[in-house]
Each structure stands twice: as structure tokens, then as C-alpha cells.
Amino acid sequence: MKNPIQALNKIFDSRIRLGVMSVLIVNDSVSFNDLKQLLELTDGNLASHLNTLEQAEYIKMHKAFVGRKTNTTYTITELGKQAFKGHLDALEKMIKGI
């Protein structure tokens with residue numbers, strides 16, 4: 001019997017990172033504050049998970065100024081799209097195989 005979880009991407013084990021990627025894969029870009037509100041997270045918790053995704057090069061951060069305030073937005077990278085779709089495919093195969 002083949003290991004059903006072998007093809008899953010460990011980075012997406014976290015429901016928060018799974019949520020972030022789910023939001024980013026269907027949007028061109030999303031602001032930090034919108035992600036925080038949508039996923040109901042604290043600044044620190046969200047920042048920690050975004051950092052993990054950035055380190056893996058699955059997302060990219062963009063900083064800009066709106067008036068005098070900084071506006072931080074995030075986009076998914078091509079590598080991130082491929083990794084996330086691969087993870088979803090592995091989940092689907094696992095579910096269908098059980």
C-alpha cells in the first residue's frame with residue numbers, strides 16, 4: 001500500500017498557510033490587513049505564516065505608500081501556484097484512494 005500523505009506539501013500543513021494560499025490563488029493581490037481580517041488573525045500570527053511562505057518563495061510581498069501610510073500587499077508566485085496546485089491534487093488523490 002502506497003503512503004497516502006507522501007505527496008502532500010508540509011508547508012501547507014498549517015490551516016493558516018492553507019488559507020493564505022487559497023485567498024491568493026484566486027486574487028491578483030491581497031493586502032496584509034485584508035488577509036488579517038478575512039482569516040481572523042493577529043498581526044504577529046499572520047506575519048509569521050507569511051514569512052514562512054515568503055521564505056519558500058511561494059508568495060511575494062510588495063510595499064507601497066498610500067498617502068503617508070505603508071500598504072503591504074501579497075501575491076502568489078508561479079512556484080507558489082505550482083506547489084499549491086500540486087498539494088491540492090495530492091489531497092484529491094488521497095481522498096479518492098481511501
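ASN9 passes all but one of (1) open to solvent by less than 70 Å² (accessible area, probe 1.4 Å); (2) without any contact (Cβ under 8 Å) to a residue 40 or more places away in the chain; (3) closer than 30 Å to LYS96 by Cβ; which number fails?
(2)
Quick check, is GLU57 at pLDDT 95 or above, at positive phi and either under 12 Å from the mean Cα position of the chain (by Cα) or acidic (Asp, Glu) (or both)?
The answer is yes for GLU57.
In region 49-90, what residues are more than 19 Å from LEU24 (Cα to Cα) and of a type outside the set (D, E, K, R)?
Passing the criteria: PHE65, VAL66, GLY67, THR70, ALA90.
The values are calculated or read from the model by the stated rules, or taken from the named source; none is laboratory data. Just so we're clear, the structure is a prediction, and the values are computed from it rather than from any experiment. All Cβ positions, glycine included, derive from the backbone under ideal geometry; neighbour counts span all protein chains shown. SASA here: full protein model, heavy atoms, side chains in, ligands and nucleic acids out. Shrake-Rupley method; radii C 1.70, N 1.55, O 1.52, S 1.80 Å.
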